[in-house]
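The values are calculated or read from the model by the stated rules, or taken from the named source; none is laboratory data. Quantities reported herein were computed from a predicted structural model and do not represent experimental measurements. Every residue, glycine among them, receives a Cβ derived from its backbone with ideal geometry; neighbour counts consider all protein chains shown. For accessibility, only protein heavy atoms count, side chains too; no ligands or nucleic acids. Shrake-Rupley method; radii C 1.70, N 1.55, O 1.52, S 1.80 Å.
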Number of protein chains: 2
Amino acid sequence: MPRPRMFDEAEVIDRARRTFAETGFAGTSLDDLLEATGLARQSLYNAFGGKKELFMRAFLSDTASAVDAVKTVLQSAEDPIVRIRTQLVSSAVEHGSAQAPPSLFLRAAVELSSLTPEVAATVATAFDSIRADYTACIVDAQNAGEIDSSADGEALGTYFCAVIEGMSTLGRAGVPRATLLQIGFTSLATVPITPLGREHLGTEDGDWT
Amino acid sequence: MPRPRMFDEAEVIDRARRTFAETGFAGTSLDDLLEATGLARQSLYNAFGGKKELFMRAFLSDTASAVDAVKTVLQSAEDPIVRIRTQLVSSAVEHGSAQAPPSLFLRAAVELSSLTPEVAATVATAFDSIRADYTACIVDAQNAGEIDSSADGEALGTYFCAVIEGMSTLGRAGVPRATLLQIGFTSLATVPITPLGREHLGTEDGDWT
DNA sequence: ATGGTTTTGGATCAAGCAGTCAATAACGTT
DNA sequence: AACGTTATTGACTGCTTGATCCAAAACCAT
């Protein structure tokens, strides 16, 4: 019996995500959000509660999909070592583009993790999840004989977390995609890949323009 | 004949740097700055011009000293390969501490590099300088026979830029110092160190509590 | 002392801020 | 067709913002 909404909630959150990612939480005014989403003032308050709540919705959604994107690649059906390279390439491509929307996850981590406990906890959990996915994939590769069994999977997992976040930060600062790709490929040299693994990887680095 | 200032300009800038680093540009009000610096309103405007100008002073100063800190370590009198490890450790220690003041450089890079051209240019120049210092140090190490001459010094330089920025981001998100140190040591495995270089490095990783 | 210059601190301003309220409009159910 | 429920709308509120103005105080060279 109620009057139906004239907007798509998911789309509003996505627009808000973009806006917050571009100008930050403190730097985004309610009017900015209204313009970006097309909502009327009271609609936003009815549907979401306020600026902080809408931000958290957008932030949690962005974090979840970022974590999910990593998991999907690292748990695909490819060879484990190929999955790792694919993930690094995918991070480089995602963060190394001027027109691509910047990451709200990074922004929130830098802007709010020291001020908002909930953001800090979410960021920590996300890092942990990514780290665990990487570690599991490395263990897979070790079991497949593609990575030397003496390698420390945990250490490499946290390490790749840092590399990914470094690429994200550099990408936001304007570093071009090709450079991020180089960083990704270079970081792969940390992994003691066996001859078998190297065979699976192939020699081609691919073309990413 | 003019009345002398009752404040130390450098100290004011340093206090402002800390405040901006903690709450960002948009998140810091003029009253916050007055409280942090102890200045009176008009004094701040007389001495610096306004919020934006004071921010730029603090940002440029922070960037310069961050770049300088890297350069100092990488151009010290130690063995080249030791310098690199020392720099990674120093970055981990600097960014991996809850009480240490967060980096305004990272904050500005993430918050403003897409909005303020001058910030973006400064950030880009800083990255370039760090990258160049790393590359030069790697070349030194190659000439000293500590790193395989086939290594791509440029690629490793940009790579270490990303690692450092990744550590900075993770540190701000609450990742502890020990983890950052592990990341730093792990990242060193990317470098093809010769037996001679390994000898110079020693076996000890040191104790950093 | 004294004059000229600067700092200082309080008062003030207009603009922008997040959030609220009451009235209207649109829908599904009955 | 009428009702109850919810979305929409736009005006409104009190507060904070960055910035400016002005008069009084502080200093140093003379």
Discussion item. If DNA, RNA and ligands are ignored and the probe is 1.4 Å, what is the ranking of B:Met56, B:Met6, A:Met167 by accessible area, most exposed first?
Written reply: B:Met6, B:Met56, A:Met167
Item to complete: Amide H neighbours of B:Ile147 under 5 Å, at least 5 residues apart or on other chains, H built in the peptide plane: list them.
Response: B:Gln142, B:Thr194
Worksheet item: What ranking of B:Lys71, A:Lys52 comes out by heavy-atom accessible area, probe 1.4 Å, highest first?
Response: A:Lys52, B:Lys71
Fill in: Unit charges on C-beta of K, R, D, E only; dipole of the protein assembly as shown, Debye
1540
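Can you give the FRET efficiency for A:Ala132 and B:Ala136, using 1/(1 + (r/R0)^6), R0 = 25 Å, r = Cβ-Cβ distance, to the nearest 0.05?
Plugging the Cβ-Cβ distance into 1/(1 + (r/R0)^6) gives 0.10.
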Practice prompt. Report the accessible area of A:Ser150, computed with a 1.4 Å probe over the heavy atoms of all protein chains in place, in Å² rounded to the nearest 10.
Written response: 100
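What is the ratio of the Cα radius of gyration of the range B:25-79 to 2.2 N^0.38 Å, with N the residue count, to two decimals? Provide the component values of the computation, followed by the final result.
Numbers: Rg = 15.9 Å, N = 55, 2.2 N^0.38 = 10.1 Å.
Against the empirical 2.2 N^0.38 Å value, I get 1.57 for the range B:25-79.
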Practice prompt. Express the Stokes-Einstein translational diffusion coefficient of the protein assembly as shown in µm² s⁻¹, to the nearest whole number, given a Kirkwood radius over alpha-carbon pairs, 25 °C and a viscosity of 0.890 mPa s.
Written response: 108
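Round to the nearest 0.05 the FRET efficiency obtained for A:Phe7 and B:Gln99 when R0 = 51 Å and r is the Cβ-Cβ distance. Intermediate results must be reported in sequence, preceding the final value.
Working: r = 45 Å, r/R0 = 0.88.
Between A:Phe7 and B:Gln99 the formula returns 0.70.
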Fill in: the range A:89-153 - convex hull of alpha carbons, volume per residue in Å³
101
Worksheet item: Given the protein chains as shown and a 1.4 Å probe, how many square angstrom of B:Asp62 are accessible, to the nearest 10?
Response: 20
Fill in: Length-normalised contact order for the range B:60-201 - Cα pairs under 8 Å, 6+ apart - percent
35
Worksheet, complete the sentence: For the range A:44-56, Karplus-derived ³J(HN,Hα) couplings (6.51, -1.76, 1.60; θ = phi - 60°; whole Hz; x for glycine and proline) come out as 4, 5, 5, 7, 10, x, x, 5, 4, 5, 5, 4, 4
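How would B:Thr116, A:Thr169 rank on accessible area, largest to smallest, probe 1.4 Å? Write down the numbers at each step before the final one.
Numbers: B:Thr116 45, A:Thr169 0 Å².
These residues rank, largest area first, as B:Thr116, A:Thr169.
Keeping the other protein chains in place, figure out the carbon and sulfur percent of the accessible area of the range B:60-201, with a 1.4 Å probe. Please list the in-between numbers first.
Working: 2910 of 5240 Å².
Answer for the range B:60-201 is 56 percent, counting heavy atoms of protein chains only.
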Practice prompt. Based on a Kirkwood Rh over C-alpha pairs, give the Stokes-Einstein translational diffusion coefficient of the range A:116-181 at 37 °C and viscosity 0.692 mPa s in µm²/s.
Written response: 246
Worksheet item: Over the heavy atoms of A:Glu118, what accessible area does a 1.4 Å probe trace out, to the nearest 10 Å²?
Response: 110
Worksheet item: What is the Å³ per residue value for the convex hull set by the Cα atoms of chain B?
Response: 138
